[in-house]
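Notes follow the structure.
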Amino acid sequence: MNALRPLKYIAIFLVILLAVTLLFVGYFFLTANVSISAFKAQGIPASQVPEQFAELKAAVQDKTFRGTVFGTPALGEADDYALITYTLRLNNQCLVPIDMIEVQVVPEPTDILQLGDEAVHSLGPKSQGDITATILVPKDSHTVRELVVTYYVWGVSFSIKEVYSGR
């Protein structure tokens, strides 16, 4: 019976170690907080970037566009459209890195498309970084949109939803 006594202490130690580890992991998930510390919206007429507009138009027509098409548009001339770019400054207040950050614009009924972002965005622990989203809209559209930022901590997704304007 005395031979089992050390196993009992080892088992108690392992249970305590497991509890501490679970509390530690839980702390990281509960403090995995990303916030938006700054915001900027900038619009330019598509006629100021005719090459980019022509590429977008051709990609939509050829069905090779990389991004999100909000409808089935037949794009006209560049003078009828504008590109709005939303820039968000994100703050990672967690002690672990934030992986796979993306921003999606919730479209208005008249919005045409959102350009795809093929870069992989991440934030190191206790750091800041910028992420952008660009949409193609009719020329006289306003910049007020809801933006959804999605990010992953250890494979678990979190999201932030905010409404922003150009001011």
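The values are calculated or read from the model by the stated rules, or taken from the named source; none is laboratory data. From a predicted model like this one, the values you see are computed outputs, not experimental measurements. Cβ: placed from backbone, ideal geometry, glycine included. Neighbour counts: every protein chain shown. Note: areas computed on protein heavy atoms with side chains; ligands, DNA, RNA excluded. Shrake-Rupley method; radii C 1.70, N 1.55, O 1.52, S 1.80 Å.
What to note about this one:
- Inter-probe distance in nm under a simple model that places probes 7 Å from Cα toward Cβ, at SER35 and THR21: 3.3
- Largest accessible area first, the residues PHE29, PHE65, PHE53, PHE13 order themselves as PHE13, PHE29, PHE65, PHE53 under a 1.4 Å probe with ligands, DNA and RNA left out.
- Largest-first ellipsoid semi-axes for the chain, taking √(5λ) over the Cα gyration tensor eigenvalues, angstrom: 49, 16, 12
- Residues listed by number, region 60-85, amide nitrogen under 16 Å from LYS139 label point at 7 Å toward C-beta: 75-84
- Of the accessible area of region 1-148, computed with a 1.4 Å probe over protein heavy atoms only, carbon and sulfur atoms account for 60 percent.
- For LYS161, the lysines whose Cα comes closer than 30 Å to its Cα, not counting residues fewer than 8 places off in the same chain, are LYS40, LYS57, LYS63, LYS126, LYS139.
- FRET efficiency for ILE10 and ALA119, using Cβ-Cβ distance with R0 set to 41 Å, rounded to 0.05: 0.25
- Accessible heavy-atom area order of ASP79, ASP111, ASP99, highest first, probe of 1.4 Å: ASP79, ASP99, ASP111
- Computed on the chain, with alpha-carbon pairs under 8 angstrom and 6+ residues apart, the relative contact order is 25 percent.
- Accessible area in square angstrom per residue, region 29-134, 1.4 angstrom probe: 55
- In this view, the solvent-accessible surface of LYS161, computed with a 1.4 Å probe and all protein chains in place, comes to about 130 Å².
- Computed from phi, the 3J(HN,Hα) profile of region 5-15 under the Karplus parametrisation 6.51, -1.76, 1.60 (θ = phi - 60°) reads 4, x, 5, 5, 5, 5, 4, 5, 4, 5, 5 Hz, with x in place of Gly and Pro.
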